[in-house]
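This report refers to the structure that appears directly beneath it.
The values are calculated or read from the model by the stated rules, or taken from the named source; none is laboratory data. In this text, all values refer to a predicted model and were calculated from it rather than measured experimentally. As a convention, Cβ positions derive from the backbone with ideal geometry for all residues, glycine included, and neighbour counts pool all protein chains shown.
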Number of protein chains: 2
Amino acid sequence: MGTIVLLMCVMIFIPEVAYGSSNWQYGAILDAGSSSTKLKIYRWPPRTSLDSVLDIKQVGESEKHSPGISDYVDKLGNISNYIGGMIERVKEIIPKNVHSTTSLYLLATAGLRVLPEDDARSLMNAIRNVLQNKTLNPFVFNPSNVRILSGEEEGVFAWITINYLKDYFGSDRPQSQAVGVLEMGGGSTQIVFLPDGPLLANMFQVRIAGKRYSLYAHSYLFYGQDYMIFRIGRYIIQQNPQSSSHQNPCMLTGDTTTMLYMGATKTFIGEGNPSKCLTIINSFLKSAADDMCYPKPCAIGRTYQPSIGTDNFYAIAAFTYAPRSLGTVDSSGKLNMSRLNETAFNYCQKSLTDATTNTSISEKYGSAYCLMGLYIPALLSEAYGFTSETQKITLIRKIKDISVDWTLGAIVYETEVFETKCGTSAGHISYPDICFINILLLLTYLMVR
Amino acid sequence: MGTIVLLMCVMIFIPEVAYGSSNWQYGAILDAGSSSTKLKIYRWPPRTSLDSVLDIKQVGESEKHSPGISDYVDKLGNISNYIGGMIERVKEIIPKNVHSTTSLYLLATAGLRVLPEDDARSLMNAIRNVLQNKTLNPFVFNPSNVRILSGEEEGVFAWITINYLKDYFGSDRPQSQAVGVLEMGGGSTQIVFLPDGPLLANMFQVRIAGKRYSLYAHSYLFYGQDYMIFRIGRYIIQQNPQSSSHQNPCMLTGDTTTMLYMGATKTFIGEGNPSKCLTIINSFLKSAADDMCYPKPCAIGRTYQPSIGTDNFYAIAAFTYAPRSLGTVDSSGKLNMSRLNETAFNYCQKSLTDATTNTSISEKYGSAYCLMGLYIPALLSEAYGFTSETQKITLIRKIKDISVDWTLGAIVYETEVFETKCGTSAGHISYPDICFINILLLLTYLMVR
């Protein structure tokens with residue numbers, strides 16, 4: 001009887017003993033954006049169950065390091081210096097005894113997706129070469145830890161972040177309670193959700209806490225905030241390429257700016273004409289003709305998107321700025337899309353001075369809020385298929401006081417990759433190991449008894 | 001000492017004892033194509049290691065059941081009869097004692113991807129309702145077992161099939177030894193490969209034998225063999241919609257056919273003009289203008305595709321028919337693309353009688369080989385970026401005497417989903433279980449000693 005009690009103790013307590021809290025696991029991400037790189041460090045307890053999610057906490061974050069890594073494409077020799085400083089910071093935060101079992105990632109986003117393919121390849125390989133140096137980088141090195149995220153990965157990781165922070169994973173809540181994600185950065189915009197019907201293309205499968213999710217994920221490169229401003233400028237220039245000065249209907253009157261176009265400096269003068277601006281925006285959002293769209297339905301161009309169904313969506317990053325500044329978000333964060341459209345129409349007809357005097361709006365963003373105030377409702381309704389009266393979209397920046405971006409989701413995803421190896425990855429003790437320890441302990445007990 | 005020997009025996013042999021060959025696991029797939037449904041049954045031994053691939057064998061296959069499941073979209077009540085017969089066959093082949101732990105899948109392909117979204121949803125839900133009936137279907141039911149595969153899944157599963165049959169998985173062979181896949185069915189065509197550089201969109205990740213593969217995968221719906229014939233016909237009609245009779249440059253002289261177009265019967269008369277035919281084909285393959293293509297590079301339209309790099313490709317299904325019939329494949333199966341192009345140009349100028357007299361070519365396919373002989377090289381070079389002198393493409397139908405299609409890959413993929421659950425899925429004995437059995441046996445031995 002005593003033996004059986006001991007056996008039960010061994011079965012229950014061995015994992016706890018082996019996994020003391022001194023056995024934290026760590027992961028570090030260098031988030032390489034278009035204009036800067038930022039370090040984030042996460043920590044979590046060792047995995048003890050295969051069907052639950054890990055409790056991952058951010059334990060460190062750096063300031064933004066400017067310029068962005070893409071600036072090094074023609075000075076590859078300087079990458080070591082650029083990255084070296086950030087790795088020193090990682091070494092300080094993560095205890096030395098786990099350096100050799102901790103993964104370090106450098107993951108790049110939209111800014112690098114616009115580089116020519118060969119440049120991007122050289123840059124990534126140069127970074128890999130630097131990180132292969134064990135003196136500089138004592139952390140786990142794996143070539144795939146250094147890469148440009150696909151736009152879909154970026155969106156999917158944001159989806160994971162949000163649903164992770166909403167405690168969706170590991171619960172038995174139905175699929176309809178997962179939250180879809182609308183994300184917009186400077187370069188690209190992403191839409192990710194779990195469709196409630198057939199998913200015929202643009203599928204991204206993830207497995208979290210032992211469950212598989214077949215997500216619809218699409219990223220529209222060049223549909224981010226900064227690139228839309230650029231594209232509208234380019235469109236206007238192309239209507240009259242000889243002229244050096246152009247009226248820009250998406251800019252407030254009294255605002256001027258310049259743009260380099262094929263080697264020449266072009267000046268834009270704010271015209272404050274929302275109807276004309278919206279016509280240009282809509283030309284970028286057109287859906288393909290019926291006989292050019294397959295599988296159906298199409299969102300922008302020939303891009304397939306299943307109906308958004310009954311999901312709720314969280315809109316993050318550049319989706320939040322203009323609607324908030326224009327006061328079209330209710331107290332619970334719900335976006336009032338038709339009000340945004342109306343408000344933006346009026347706002348766009350103000351002068352820059354009127355728009356920024358005695359308001360929270362800075363001159364720098366005065367015109368951008370006009371454009372984004374028109375673009376966001378157009379994108380959501382014309383392209384994605386939300387109705388203008390939708391109650392489904394909530395704007396958020398933080399959940400549980402944690403910034404909502406893709407990095408946390410990337411770590412959740414990567415720890416799930418470990419999970420599929422049943423705890424055999426570096427730093428984990430696997431079940432067969434526990435089994436062996438159990439038997440040895442039991443044996444020892446019985447032999448000395 | 002004797003105890004330690006016993007312990008070692010227990011550690012080594014318990015899995016074998018628990019996993020006798022009477023413990024085969026099974027999976028059944030109803031492959032629901034556009035014109036018929038076909039049953040395939042696979043069998044594999046229980047999993048004993050997490051980092052190796054299972055040895056999966058096909059043990060049963062049915063004739064094709066016509067018509068295709070999409071014919072039932074307006075007679076949902078008859079689905080039970082249609083599927084019931086096939087399930088009876090599954091019951092006969094799979095031993096009764098494992099019915100309740102065997103998964104049955106109904107996976108549909110391109111034919112169902114062209115249905116209106118609501119019709120497709122109703123049809124899938126009706127099938128799910130039928131399969132929920134335990135009397136009719138004693139096998140494991142899970143709503144996601146019944147679905148329309150995305151085009152990318154279809155391509156990825158074919159990629160898995162091929163690389164599985166080539167023993168790529170579980171080996172330590174470098175990524176460059178994986179084989180890319182070019183697949184073409186009646187409705188769609190798929191391209192899937194492991195890029196050797198950045199992968200910026202259209203990523204499909206799979207995990208097999210504990211390793212992750214980030215595949216580029218894209219499916220072009222309406223670019224399959226039958227739909228290309230249809231689209232070219234439609235294109236010709238649209239040039240002169242009033243006429244009831246049209247010259248078709250992609251058909252051999254002496255051949256005629258009809259097509260229903262917006263309620264009217266149109267007649268096509270073979271013109272045998274390969275240059276004109278190729279002009280139409282190329283209009284479907286155009287890449288987007290540089291400023292509409294992001295991320296770059298683009299294949300067809302705005303569809304991103306990274307460079308094909310150094311991979312070898314296997315081309316299967318409808319990629320094999322015309323090149324073989326036109327004699328442009330060498331003895332090792334390598335496609336000679338420039339010769340195919342030349343040969344097709346000459347072939348297209350033959351009359352149907354000349355093309356089919358004293359040759360292996362039937363009247364039914366006479367004109368199709370002209371079109372496909374022009375279309376295949378155009379697709380491979382203009383859209384995908386192979387050079388016309390490429391030595392990378394091998395045409396195959398079977399590997400190790402097993403037909404190369406997506407179904408085997410789907411089963412490999414699904415068994416890997418089980419794997420990520422560490423053997424806890426139905427029918428598996430998990431490591432913790434083995435651990436417990438070990439300890440109990442040891443304990444029993446020691447107590448009775």
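Go through region B:212-231 and report how many residues are farther than 23 Å from A:R212 by Cα and facing another protein chain (nearest Cβ under 7 Å).
Of region B:212-231, the ones farther than 23 Å from A:R212 by Cα are B:220-231.
After this cut, where a residue has to be facing another protein chain (nearest Cβ under 7 Å) as well, the list is B:221-222.
Count: 2.
Counting just the residues of region A:54-76 that are within 14 Å of another protein chain (Cβ to nearest Cβ) and aliphatic (A, V, I, L, M), which one comes out nearest to A:A120 (Cα to Cα)? Per the stated criteria, the residue is A:V73.
Can you tell me which residue within region B:303-324, out of those that are within 14 Å of chain A (Cβ to nearest Cβ) and of a type in the set (S, T, N, Q), is farthest from B:S367 (Cα to Cα)? Give the derivation first.
So in region B:303-324, the residues within 14 Å of chain A (Cβ to nearest Cβ) come out as B:303-310.
Filter again for of a type in the set (S, T, N, Q), leaving B:303, B:305, B:307, B:310.
Values: B:T303: 29, B:Q305: 31, B:S307: 33, B:T310: 34 Å.
The extreme case among them is B:T310.
Per-residue answers, yes or no, for (1) within 30 Å of the chain's Cα centre (by Cα); (2) within 22 Å of A:Q349 (Cβ to Cβ):
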| residue | (1), (2) |
| --- | --- |
| A:L199 | yes, no |
| A:I232 | yes, yes |
| A:N240 | no, no |
| A:G270 | no, yes |
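When we screen B:D74, B:D55 for residues that are without any contact (Cβ under 8 Å) to a residue 24 or more places away in the chain, in contact with a Pro (Cβ under 7 Å, 6 or more places away or on another chain) and surrounded by fewer than 16 Cβ atoms within 10 Å (Cβ to Cβ), the only hit is B:D55.
Search region A:153-191 for residues being assigned to a helix (DSSP H, G or I) and among the hydroxyl-bearing types (S, T, Y), and hand back the single one that is nearest to the other protein chains (Cβ to nearest Cβ). Spell out the reasoning first.
At the first step, the residues of region A:153-191 found to be assigned to a helix (DSSP H, G or I) are A:153-165, A:175-177.
Still in the list and also among the hydroxyl-bearing types (S, T, Y): A:161, A:164, A:176.
Details: A:T161: 18, A:Y164: 18, A:S176: 13 Å.
Step by step, filter region A:153-191, then rank; the result is A:S176.
Candidates in region A:203-231 are the residues that are part of a strand (DSSP E or B) and among the hydrophobic types (A, V, I, L, M, F, W, C); of these, the one that is surrounded by the most Cβ atoms within 10 Å (Cβ to Cβ) is A:A217. Can you name the residue in region A:125-137 that is surrounded by fewer than 18 Cβ atoms within 10 Å (Cβ to Cβ) and not in a helix (DSSP H, G or I) and, of all such residues, is nearest to the other protein chains (Cβ to nearest Cβ)? Only one residue tops the list, namely A:Q132. Every condition in (1) in contact with an Asp or Glu (Cβ under 9 Å, 6 or more places away or on another chain); (2) over 23 Å from B:I162 (Cα atoms); (3) not basic (K, R) is met by B:Y369 except one, and the failing one is (1). Being of a type in the set (D, E) and part of a loop (DSSP other than H, G, I, E, B): is that true of B:D118 here? In short, no.
Residues that are basic (K, R) and outside any helix (DSSP H, G or I) within region A:334-381 comprise A:K334, A:K350, listed in sequence order.
Tallying residues that are more than 7 Å from every other protein chain (Cβ to nearest Cβ), under 21 Å from B:Y216 (Cα atoms) and touching a residue at least 24 places away in the same chain (Cβ under 8 Å) within region A:194-211 yields 3.
If you go through region B:189-212 one residue at a time, do you hit one that is modelled with pLDDT under 95, among the hydroxyl-bearing types (S, T, Y) and under 25 Å from B:I29 (Cβ atoms)? Looking for residues that are modelled with pLDDT under 95, among the hydroxyl-bearing types (S, T, Y) and under 25 Å from B:I29 (Cβ atoms), one finds none in region B:189-212, hence no.
Part of a helix (DSSP H, G or I) and of a type in the set (A, V, I, L, M) - does that describe any residue in region A:326-333?
Keep residues of region A:326-333 that are part of a helix (DSSP H, G or I), which gives none.
There is no residue in region A:326-333 that is part of a helix (DSSP H, G or I) and of a type in the set (A, V, I, L, M).
Would you pick out the residues in region A:210-230 that are within 18 Å of the chain's Cα centre (by Cα) and within 20 Å of A:A322 (Cβ to Cβ)? Once the filter is applied, which keeps residues that are within 18 Å of the chain's Cα centre (by Cα) and within 20 Å of A:A322 (Cβ to Cβ), region A:210-230 yields A:Y220, A:F222, A:Y223, A:G224, A:Q225, A:D226, A:Y227.
Against the condition in the same structural domain as A:L285 (by TED's automatic domain parsing), assigned to a loop (DSSP other than H, G, I, E, B) and among the aliphatic types (A, V, I, L, M), how does A:L200 come out, does it pass?
Details: in the same structural domain as A:L285 (by TED's automatic domain parsing): yes; assigned to a loop (DSSP other than H, G, I, E, B): yes; among the aliphatic types (A, V, I, L, M): yes.
For A:L200, the condition - in the same structural domain as A:L285 (by TED's automatic domain parsing), assigned to a loop (DSSP other than H, G, I, E, B) and among the aliphatic types (A, V, I, L, M) - is met.
The set of residues in region A:232-246 being surrounded by fewer than 18 Cβ atoms within 10 Å (Cβ to Cβ) and either within 14 Å of chain B (Cβ to nearest Cβ) or part of a helix (DSSP H, G or I) (or both) consists of A:R234, A:Y235, A:Q238, A:Q239, A:P241. Restricting region B:77-124 to residues that are within 14 Å of another protein chain (Cβ to nearest Cβ) and in contact with a Phe, Trp or Tyr (Cβ under 9 Å, 6 or more places away or on another chain) leaves a set whose member that is surrounded by the fewest Cβ atoms within 10 Å (Cβ to Cβ) is B:V114.
Note on region B:325-354: residues that are free of Cβ contacts under 8 Å to residues at least 24 places away in the same chain and farther than 22 Å from B:R397 by Cα amount to 3.
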